[in-house]
1. Need one number: convex hull volume per residue for the stretch 36-156, Cα atoms only, in Å³.
2. Determine the order of Cys67, Cys132 by accessible area, beginning with the largest, at a probe radius of 1.4 Å.
3. For the residue pair Ser33 and Tyr57, what label-to-label distance in nm results when each label sits 7 Å from Cα along the Cα-to-beta-carbon direction?
4. My understanding is that a pair violates if its Cα-Cα distance is over 28 Å; which of Lys32/Lys119; Lys79/Lys129; Lys48/Lys129; Lys129/Lys166 do that in this structure?
5. With a cut-off of at most 12 other beta carbons within 10 Å, and DSSP calling the residue loop, which GluC sites (Glu not before Pro) in the stretch 87-149 qualify? Please list them.
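The values are calculated or read from the model by the stated rules, or taken from the named source; none is laboratory data. The shown structure was predicted, so the numbers you read here are calculated from the model rather than taken from an experiment. Note: ideal-geometry Cβ built from the backbone for every residue, glycine included; neighbour counts use all protein chains shown. In case anyone asks, the SASA skips ligands and DNA or RNA and just uses the protein heavy atoms, side chains included. Shrake-Rupley method; radii C 1.70, N 1.55, O 1.52, S 1.80 Å.
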Amino acid sequence: MKNLLLVLIFIATTTLAAKAEYNDLYTFEKGKSLIGVNVGVKLGNSNKTAFSAFYEYGLSKLFVDQCTLGGGFFGGYYKDKLKNETEKIYIVGVRLNVHYQFVDRLDTYAGFAPNFNIKTYEIQKDESKFECYFHIGGRYYLTNWLGVFAEMSTGYNNFSGGISVKF
């Protein structure tokens, strides 16, 4: 089912890219908003998949026209099967990013995400903690409003990719 969904998303984005017009001067600006979803993998003993979604708003221009400070929030879900236990992690936090456009249509960014994690278990006692993740990524815009992105992070999505919509 996951593979079918990925194939359908790929076909839809390549079809849109073939007909796409792109005429925005900058990829991310003050006053613009982004929403997106991504799927990532946590590398380590289990290599399990994590899912997350985010909203980001362009807060201010920095230094030059191509550089913008963005802020927003995100939420995520991660599930792992331990020996005879299932661990579920729910993540809620904020994201602050510095965006810089090196070339047309490519929005590169780096930032950090302070967040709160709630871990639930079937047998063990549930726990929660505060963490802060750092991330870098790049988003390529197929149209003025639709982008695909890849990101590396210190969080539960070490490597992730997804789609985003700018409005």
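1. Values: hull volume 12.1 nm³, N = 121.
Here the figure is 100 Å³ per residue.
2. Cys132, Cys67
3. Using points 7 Å along Cα→Cβ, the separation is 0.8 nm.
4. Working: Lys32/Lys119 34 Å; Lys79/Lys129 17 Å; Lys48/Lys129 20 Å; Lys129/Lys166 32 Å.
In this structure, Lys32/Lys119; Lys129/Lys166 lie more than 28 Å apart at Cα.
5. Filter output for the stretch 87-149: Glu122.
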